Amino acid sequence: MRRLNLALGERSYPILIGGGLLSRGDLILPFLRTPRIALVSNTAVAPLYLDVVVKALEGVGVGVTPIILPDGEAYKTWESLNLIYDALLANRCDRSTTIMALGGGVIGDLAGFAAATYQRGVPFIQMPTTLLSQVDSSVGGKTGINHPRGKNMVGAFWQPKLVLADTDTLKTLPDRELSAGMAEVIKYGLIRDLPFLSWLEAAMDGLLARDGDLLAHAIERSCANKAEVVAADEYETAAAGGRALLNLGHTFGHAIETGMGYGEWLHGEAVSAGMMMAVELSRRLGWLSGADVDRVRAVLQRAGLPVKGASLGAERYLELMSHDKKVIAGSLRLVLLKALGDAVTYADAPREDIVAAIEACCRE
Ligand code: NAD
Ligand code: GLY
């Protein structure tokens, strides 16, 4: 088992990564205020893993209330959140009950927001089961739901007490979902860890073949990068750089997800095409070479990811991007690359260059 720590003072927490962790109730017990867990999962993950988790928890004396939601990004909504609140109240869950998420980023974001808000906040544990959630969404405390006008527009920062990533769960993950998670892994290389990008280029075939050691290394290195960034700028308030850099490609990508309808493009797929737009814009600003752009395109394609954007039209992209959470006083801040491995936030990209980058990536 690999162990990392997210250093946030008294709210610090461990990130445990390894095989067989779903059945380790003993690892969870010390993090509970009382031996009571509301376990939030969905109709795709629960049939695979609910029993093993419930058995492990009951084995150490923990009572479990399962809450099973419909599956999919289209259900990251107020309605699903209300299903969680209804079940918590119906089962008389109190302030000492821990909410635990068993599933991908959708379940993690929903359960985390429920934990942040139920009775003004209850303890929360993340048990991520997709590559994307193991390398990104389970770490760092961003929780929330989508609004028809924009991705993740309603939510809260609420840190978990523990992240427990069982790499065995990746064996049942569909290939398309594995690739989607790889987009966020590649992101860390592009924004701040060039040696990791080179490692990923060399290891990609083994990663896609689900080599356990390679996956565990990729997850650990991704979480180490994320933990460092979040520890330095938990609430994404840094004037420059900081946590916002984790959003490379996301402003363009969120426009694709919202514009196409939630669930049409997977989050990681939209981030992949969005990263190509950010990289192409960085080239137009003179920061990256054509060879750099080709290198990024090649690694994304090898990971099985789209590099061509959705044909929404540049005007629609800009309209959707104007709702981005990085907009300050009407000014759009984009995450761009000064060089591969060196990201910045930048508010001065000329509109015509943004449009040209979008159009170039929708043509290719
Ligand atoms: P997801 O939660 O929809 O999971 C993908 C699919 O895989 C779902 O159908 C799910 O039920 C299924 N699944 C999950 N685990 C499985 C397993 N082990 N075997 C088989 N199937 C399994 O999608 P995701 O990619 O995990 O997460 C995307 C979401 O995460 C988006 O809503 C995105 O906005 C959010 N996100 C949040 C953060 C954050 O910091 N909070 C960061 C990145 C992304
Ligand atoms: N996924 C971006 C963040 O956690 O800040």
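The values are calculated or read from the model by the stated rules, or taken from the named source; none is laboratory data. These numbers were taken from a predicted model, which means no experiment stands behind them. Every residue, glycine among them, receives a Cβ derived from its backbone with ideal geometry; neighbour counts consider all protein chains shown.
Pairs meeting the criteria (first residue in region 241-254 and aliphatic (A, V, I, L, M), second residue in a loop (DSSP other than H, G, I, E, B) and within 11 Å of ligand 2 (Cβ to nearest atom), beta carbons under 6 Å, at least 6 apart or on different chains) are 244/236; 244/326.
The strands (runs of 3 or more DSSP E) found wholly in region 1-85 and carrying at least 1 residues that are polar (S, T, N, Q) and crowded, with 21+ Cβ neighbours inside 10 Å occupy 36-42. Comparison of 152, 91, 146 shows that the only residue that is on the phi > 0 side of the Ramachandran plot and in contact with a strand residue (DSSP E or B) (Cβ under 8 Å, 6 or more places away or on another chain) is 152. The set of residues from region 23-50 being farther than 24 Å from residue 76 by Cα and not small (Gly, Ala, Ser) comprises 24, 26, 27, 28, 29, 30, 31, 32, 33, 34, 35, 36. Considering region 208-305, the qualifying helices (runs of 4 or more DSSP H), each wholly inside and each with 3 or more residues that are within 16 Å of ligand 1 (Cβ to nearest atom) and hydrophobic (A, V, I, L, M, F, W, C), run over 212-232, 250-260, 267-284. Would it be correct to say that residue 363 is surrounded by fewer than 18 Cβ atoms within 10 Å (Cβ to Cβ) and at pLDDT below 95? Answer is yes for this residue. The residue that is surrounded by the most Cβ atoms within 10 Å (Cβ to Cβ), among those in region 147-175 that are within 8 Å of ligand 1 (Cβ to nearest atom) and at pLDDT below 95, is 151. Examine region 189-197 for a residue that is more than 14 Å from ligand 2 (Cβ to nearest atom) and closer than 15 Å to residue 137 by Cβ, and state whether such a residue exists. Within region 189-197, not a single residue is more than 14 Å from ligand 2 (Cβ to nearest atom) and closer than 15 Å to residue 137 by Cβ. Assigned to a loop (DSSP other than H, G, I, E, B) and modelled with pLDDT under 95: does that describe residue 325? Criteria met by residue 325.
When we screen 166, 136 for residues that are under 19 Å from residue 3 (Cβ atoms), in contact (Cβ under 8 Å) with a residue 40 or more places away in the chain and more than 11 Å from the chain's Cα centre (by Cα), the only hit is 166. Taking the criterion of being within 11 Å of ligand 2 (Cβ to nearest atom) and either hydroxyl-bearing (Ser, Thr, Tyr) or within 14 Å of residue 164 (Cα to Cα) (or both), the only residue of region 223-235 that qualifies is 235.
Mind listing whichever residues of region 250-297 are among the aliphatic types (A, V, I, L, M) and more than 18 Å from residue 363 (Cβ to Cβ)? Scanning region 250-297 gives 266, 271, 285, 288, 291.
Does region 224-237 contain at least one residue that is in contact with an Asp or Glu (Cβ under 7 Å, 6 or more places away or on another chain), more than 19 Å from residue 362 (Cα to Cα) and not small (Gly, Ala, Ser)? Yes, the conditions are met somewhere in region 224-237. Candidates are the residues of region 95-121 that are over 21 Å from residue 151 (Cα atoms) and without any contact (Cβ under 8 Å) to a residue 40 or more places away in the chain; the one that is surrounded by the fewest Cβ atoms within 10 Å (Cβ to Cβ) is 120. Might you check whether a residue that is polar (S, T, N, Q) and not in a helix (DSSP H, G or I) occurs anywhere in region 113-128? Yes, region 113-128 has at least one match. In this structure, is residue 94 charged (D, E, K, R), within 18 Å of the chain's Cα centre (by Cα) and part of a loop (DSSP other than H, G, I, E, B)? For residue 94, the condition - charged (D, E, K, R), within 18 Å of the chain's Cα centre (by Cα) and part of a loop (DSSP other than H, G, I, E, B) - is not met.
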